[in-house]
Amino acid sequence: MPACNVIVLKGHPLVTLKQLVVECSETLAGIIGAPKDRLEVWVTEVEPALWGLSGQPGDEVLQAASRAEVEMPFIRMVLLQGRPVEQHHQLIAEMSAVVARVLGANIERIRLQIDEVHPDRWGIGGVPASVRRAAEIAARAATA
């Protein structure tokens, strides 16, 4: 169920973006202990002209500054409720570090948002997660 979307400026080499998907998947799976077949990680590229940087379109800003100086990769994650706050903090630190390293980005510019979803409000194959994964959700809540 865990979902992770990394939003970046268009223009990174495809091989770099593929590596980002692999390393984010590995990091996410390792921290939350989820099987990889349940993870979804994808990269969304945004045209620089459609990304505002310092109040100007990104394509204009990039004429005077390097991508590493101004790009603000945005990581958005969706997780079912019930995970400990320490796990959230570890995700924030380690996912930011992966994105910074793989993209050559300034870690101070990276932003990460974790959205927690109640299991009754997340569907898996047309069935609420609360029903489909009841035993797993109960076990996770007991250890939180």
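Taking the condition under 16 Å from the mean Cα position of the chain (by Cα) and among the acidic types (D, E), does E86 pass?
It is false that E86 is under 16 Å from the mean Cα position of the chain (by Cα) and among the acidic types (D, E).
Would you check which residues across segment 112-144 are closer than 30 Å to V15 by Cα and either loosely packed, with under 13 Cβ neighbours inside 10 Å or among the small types (G, A, S) (or both) and list them?
Q113, D115
Within segment 1-41, take every residue that is part of a helix (DSSP H, G or I) and acidic (D, E) and give me the one that is surrounded by the fewest Cβ atoms within 10 Å (Cβ to Cβ).
D37
Kindly provide the set of residues from segment 89-108 that are surrounded by fewer than 17 Cβ atoms within 10 Å (Cβ to Cβ) and out of contact with any Ser or Thr (no Cβ under 9 Å at 6 or more places or on another chain), ordered by number.
H89, Q90, A93, R101, N106, E108 - these are the residues of segment 89-108 that are surrounded by fewer than 17 Cβ atoms within 10 Å (Cβ to Cβ) and out of contact with any Ser or Thr (no Cβ under 9 Å at 6 or more places or on another chain).
Is there any pair with a first residue in segment 39-57 that is under 30 Å from E26 (Cα atoms) and a second that is at pLDDT 95 or above and basic (K, R) whose Cβ atoms are under 7 Å apart and which are 6 or more apart or on different chains, and what are they?
E45/K10; V46/K10; E47/K10; P48/K10
Check off (1) of a type in the set (D, E, K, R); (2) in a helix (DSSP H, G or I); (3) modelled with pLDDT of 95 or more for E45 and give me the number that stays unchecked.
Going through the list (1) of a type in the set (D, E, K, R); (2) in a helix (DSSP H, G or I); (3) modelled with pLDDT of 95 or more, E45 breaks only (2).
Are any residues in segment 48-97 in a loop (DSSP other than H, G, I, E, B) and in contact with a strand residue (DSSP E or B) (Cβ under 7 Å, 6 or more places away or on another chain), and if so, which ones?
Passing the criteria: W51, E71, M72, P73, Q81.
Would you check if L28 is at pLDDT 95 or above, within 30 Å of M1 (Cα to Cα) and of a type in the set (A, V, I, L, M)?
yes
The values are calculated or read from the model by the stated rules, or taken from the named source; none is laboratory data. Only a predicted model underlies this, so the values are computations on that prediction, with no experimental measurement involved. Heads up, the Cβs are rebuilt from the backbone with ideal geometry, glycines too, and the neighbour counts pull from every protein chain shown.
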